[in-house]
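Visitor: This is the structure I want to talk about, given as structure tokens.
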Amino acid sequence: MIHTVGATLTKVLGTHAIRTGGEFRAYQETTMTFGGPETGQFNFDSTFTRGPLDNSASAPQNIGQSVAALELGLASSSSTVTRAANFAEQSNSWGFFVQDDWKVSLV
């Protein structure tokens with residue numbers, strides 16, 4: 001986005017036309033990125049809650065062990081949120097000028 005303000009003033013003095021002016025510009029850029037996941041992810045399984053006999057044929061089939069891991073807060077894996085940085089920047093520019101138009105007249 002560009003914002004611009006400018007002004008010009010002209011004054012005639014005999015055979016001279018003196019013009020002065022100025023301009024201000026503000027260049028602005030803002031970026032906000034929401035492309036990735038907004039929350040982390042946690043996975044719960046029986047890694048921390050299975051008993052010593054769970055590998056035998058008489059062991060239960062891990063029923064409810066992932067829920068037990070959830071209640072204990074023992075996640076087997078997790079992922080983090082990766083998000084691009086947001087930014088806002090502005091650059092300002094000033095410009096001034098003086099101009100003299102002189103016309104020669106032959107009498």
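The values are calculated or read from the model by the stated rules, or taken from the named source; none is laboratory data. Values in this document were obtained by computation on a predicted structure and should not be read as measured data. Don't worry about glycine lacking a Cβ; one is built from the backbone with ideal geometry, like all the others, and counts go over all protein chains shown. Ligands, DNA and RNA are stripped out before the accessible areas are found, and what is left, the full protein with its side chains, is counted by its heavy atoms. Shrake-Rupley method; radii C 1.70, N 1.55, O 1.52, S 1.80 Å.
Visitor: Report the calculated FRET efficiency for THR80 and GLN28 (r = Cβ-Cβ distance, R0 = 30 Å), to the nearest 0.05. Each step should come with its number before you reach the end.
Guide: Details: r = 32 Å, r/R0 = 1.06.
Once rounded, the FRET efficiency stands at 0.40.
Visitor: I'd like the accessible area for THR30, computed on protein heavy atoms only with a 1.4 Å probe and all protein chains in place. Round to 10 Å², please.
Guide: Accessible area of THR30: about 100 Å².
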